[in-house]
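What follows is a short report on a single structure.
The values are calculated or read from the model by the stated rules, or taken from the named source; none is laboratory data. Since the structure is predicted, the reported quantities are computational estimates derived from the model, not experimental observations. Cβ placement follows ideal geometry from the backbone for every residue including glycine, while neighbour counts extend to all protein chains displayed. Side chains are part of the model used for accessible areas, which takes the heavy atoms of the whole protein and leaves out ligands, DNA and RNA. Shrake-Rupley method; radii C 1.70, N 1.55, O 1.52, S 1.80 Å.
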Amino acid sequence: MATSKETVEVLLTESRVFMPPKELVECSNVKRWMEAHGIRDLDELLKRGEDLEWFWGEVAKEFVEFYSPYKKVLEWNPPHAKWFVGAQYNIVHDALDKHQNTWRRNKVAYIYEGEPGEVEKLTYRELYIEVCKLANALKSLGVKKGDRVGLYLPMIPQLPIAMLACAKIGAIHSVVFSGFSAMALAERMADAEAKVIITCDSFYRRGSKIPLKSQVDEALKMAPSIEKCIVYKRTGDQIPWDEKRDLWWHEIVKDQPKFCETERMDANDILYLLYTSGTTGRPKGVIHCHGGYAVGTTMTLSWVFDLKDEDIWWCTADIGWVTGHSYVVYAPLILGATSILYEGAPDWPEPDRWWDIIERHGVTVFYTSPTAIRMHMRFGERWAQKHDLSSLRLLGSVGEPINPEAWIWFYRHIGGERCPIMDTWWQTETGSFIISPLPITPLKPGSATKPLPGFSAEVFDEYGKPVVNAGGNLVLLTPWPSMLMGLYKAEERYRSTYWEKYPNVYLAGDIARKDSDGYFWIQGRADDIIKVAGHRIGNAEIESACVSHPAVAEAVAIGKPHPIKGESIVVFVVLKEGVKESEDLRKDIRLHVRKEIGPVAQPDEVWFVDALPKTRSGKIMRRVVRAKILGMPVGDISTLSNPEAIDELTKAR
Ligand code: PRX
């Protein structure tokens, strides 16, 4: 992975510092933990966090209950770690079972709001019963420990229910974001060799019904491992039905017992696979396990967002992405929190839908993305001003760098200049926050601040030397409990992607700068991954979707800065001999990519060119295209075989 000089330019010079409110600091969960351990201040806490065995052992005591004790906190055989070695565990014990013996069984776990407006509250008891019934139904279909189950569901309670039901019986869930297309779903299901898939008829988005079951039907033609398809009736739409394969959710759970024994797993057994984009055309199946993942996600949520029993937590991320897995499903449930689950679009039927939800349900801690914040900025603060947002006490941001302007808008107009913003840097692979403020951290708008206690990050130059006040590769120096345990059926890719550039050091794939105070400023991806509205899409995935269009011979996709979405997708294509350029064809290529991957990957711009810059060996030089389009120096072009193609780009039609 090359880090060109241009990308490591230091772009931010933000110098404001926001001190955390005293009352928040005094009552914070992290302060309480520090006091219990005789730790005086944040620096000392960070220092104590360097003793990984001690620190994570202490943290685990507070947050999880193993069935049997572990023999060792950490076994590190780079690049593979095992956490809480030898313990028997199942994350569902902490997320659901243990609450059944306490007052929490009657606490609301999810306040669900459908897009049309219906509200449903599910207590921990009700959630538990739903999970047990579905778990029993899955068992009756022959799903066993270690089997993969695909989940293709929108933001309705049945998605967490299905995840927990799988985990309860030791099956491995693989959730596919409901905005992905049939092709993308098929590819992921085939790689995971899933046995069963769970979906719904359709769901509501911007007032329309978005079909899912018909996508599944198409996908299953290409995913032969799937034997059964379970369908939840969300909208009551007419759907095609295969008598031999399809089953209604409500029918299979109807007569199931309300209790299902939780499978005792090894702490390092797989909990889920989550496919994410890499630098090649094929998405990679990130593996997370029960034990370490539970400890890492729960501690970070408790400390960073300071959740208390009386809080109403709203993480707006879709459960189809890692943020939803960790911070809508597992960690909030382990903490026994009450979370909001909202099915629909943030601006439906009016741009104040989110602010209305915050007011009506009394949300206290609100975690969202810079893209969403910028979108609401564009609508204007008058929409937020229509609502009483005084219940809020903490805010958060994730998924892409937040520009100081958006940070300040969020702070002022949503947080009423009262609520610190937790800008959390992390990845599908890291499972939990890594670089993030705590409620006791002085904040600099646009910086995710420092690695949390128990985590260790650095910025390295090309030679592996730490650099300060200059851009470089963001790396993680020590293993952490919620880290990925590997890539599914792709050990070599796991090693080469993350652990090869700097031996035994995790390469995150981001460019960052560390300032003289040790604060990290994330500047974006160093590799070929585009972040569109916080969604992670590989350039290569878009290109391979383009060239699967019958008219396209070659394609290159790049990300271009976009004022709201962070980046937009721009594609240059060379058409096959004899194919005529036209507006219809341009539109058709955009729709084709949408169909191949999903609406999130639809290119914003498609340009026709006669040639693309290539190396002598025929590889398209994406780096050169990107530099040219962004008006940056094109850098070293000694390996370029057709320099005239660079000028072609400016003449693109
Ligand atoms: O580039 C970083 C960006 O999102 C990438 C990870 O994407 P994904 O695996 O989809 O997970 C997103 C949610 C955790 C990172 O490599 N990113 C994530 N959080 C931030 C960020 N960039 C800047 N600031 C953040 N807070």
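Measuring only protein heavy atoms, the 1.4 Å probe finds Leu630 accessible over about 60 Å².
In the context of the full set of protein chains, the chain has a per residue accessible area of 37 Å² (1.4 Å probe). For Lys580, a cut-off of 18 angstrom between C-alpha atoms picks up these lysines, skipping any fewer than 8 places away in its own chain: Lys651. The simple spin-label model puts a point 7 Å past each Cα toward its Cβ; for Ala470 and Lys254 those points are separated by 7.0 nm.
The distance between label points at Glu500 and Glu218 comes to 3.5 nm (points 7 Å beyond Cα on the Cα→Cβ vector).
Measure off, as a whole percent, the carbon and sulfur share of the 1.4 Å-probe accessible area of segment 267-315, all protein chains present.
On the way: 420 of 850 Å².
So the carbon and sulfur contribution to the accessible surface is 49 percent.
What relative contact order, as a whole-number percentage, does the chain give when Cα pairs under 8 Å and 6 or more residues apart are counted? Computed value for the chain: 14 percent relative contact order. Panel values: segment 241-354, Kirkwood radius from alpha carbon pairs, Stokes-Einstein at 20 °C and 1.002 mPa s, translational diffusion coefficient 123 µm²/s.
At 20 °C and 1.002 mPa s, what whole-number value in µm²/s does Stokes-Einstein give for the translational diffusion of segment 528-649, with Rh from the Kirkwood sum over Cα pairs? Estimated diffusion coefficient is 147 µm²/s.
At q = 0.15, 0.16, 0.29 Å⁻¹ the log10 of I(q)/I(0) for segment 295-353 amounts to -0.46, -0.51, -1.20, computed by Debye summation with a single uniform scatterer per C-alpha, solvent ignored. The gain in end-to-end length when the Glu118 to Thr235 segment is fully stretched comes to 40.9 nm, 0.36 nm per residue minus the alpha carbon separation. Only Lys, Arg, Asp and Glu carry charge here, each on its Cβ (+1 for the first two, -1 for the last two); on that basis segment 528-649 has a dipole of about 400 debye about its Cα centre.
Ranking Arg32, Arg148, Arg125 by solvent-accessible area of protein heavy atoms (1.4 Å probe, all protein chains present), from largest to smallest, gives Arg32, Arg125, Arg148. Stretched out straight at 0.36 nm per residue, the stretch from Glu65 to Leu141 would grow longer than its current Cα-Cα span by 24.4 nm.
Out of every Cα-Cα pair that segment 169-278 contains, those further apart than 24 angstrom amount to 32 percent.
Which one of Asn77, Val17, Ala87 has its Cα pushed farthest toward the positive end of the charge dipole of segment 1-153, where Lys and Arg give +1 and Asp and Glu give -1 at the Cβ? Towards the positive end, the residue furthest out is Ala87. With both labels modelled 7 Å from their Cα along Cα-to-Cβ, the Ile564 to Lys47 distance reads 4.9 nm. Accessible area of segment 87-206 with a 1.4 Å probe: how many percent of it is carbon plus sulfur? Answer for segment 87-206: carbon and sulfur cover 47 percent of the accessible area. With the whole protein complex present, Glu243 retains an accessible surface near 150 Å², based on a 1.4 Å probe. Taking 0.36 nm per residue of separation and subtracting the Cα-Cα distance, full extension of the segment from Lys489 to Lys98 would add 137.4 nm.
Legend: P(r) of the chain from all alpha carbon pair distances, 20 Å bins from 0, whole percents, reading 19, 55, 25, 1. Across segment 528-649, the relative contact order, built from alpha-carbon pairs under 8 Å that are at least six residues apart, equals 21 percent.
Amide H contacts of Gly396 (H built 1.01 Å from N, in plane; Pro and chain starts excluded): Phe366, Tyr367, Thr368, Met422 sit under 5 Å, all sequence-distant by 5 or more or on other chains.
With a 1.4 Å probe and every protein chain kept in, tell me what percent of the accessible surface of segment 528-649 is carbon plus sulfur. C and S atoms contribute 53 percent here.
Can you give the FRET efficiency to the nearest 0.05 for Lys22 and Ala553, using r as the Cβ-Cβ distance and R₀ = 45 Å?
Working: r = 64 Å, r/R0 = 1.42.
Working from the Cβ atoms, E equals 0.10.
Under the convention that each Lys and Arg Cβ holds +1 and each Asp and Glu Cβ holds -1, the size of the dipole of the chain around its Cα centre is about 480 debye. At a Cα cut-off below 17 Å, give the aspartates and glutamates reachable from Lys61, other chains included and same-chain residues fewer than 8 away excluded. Partners found: Glu35, Asp51, Glu53, Asp94.
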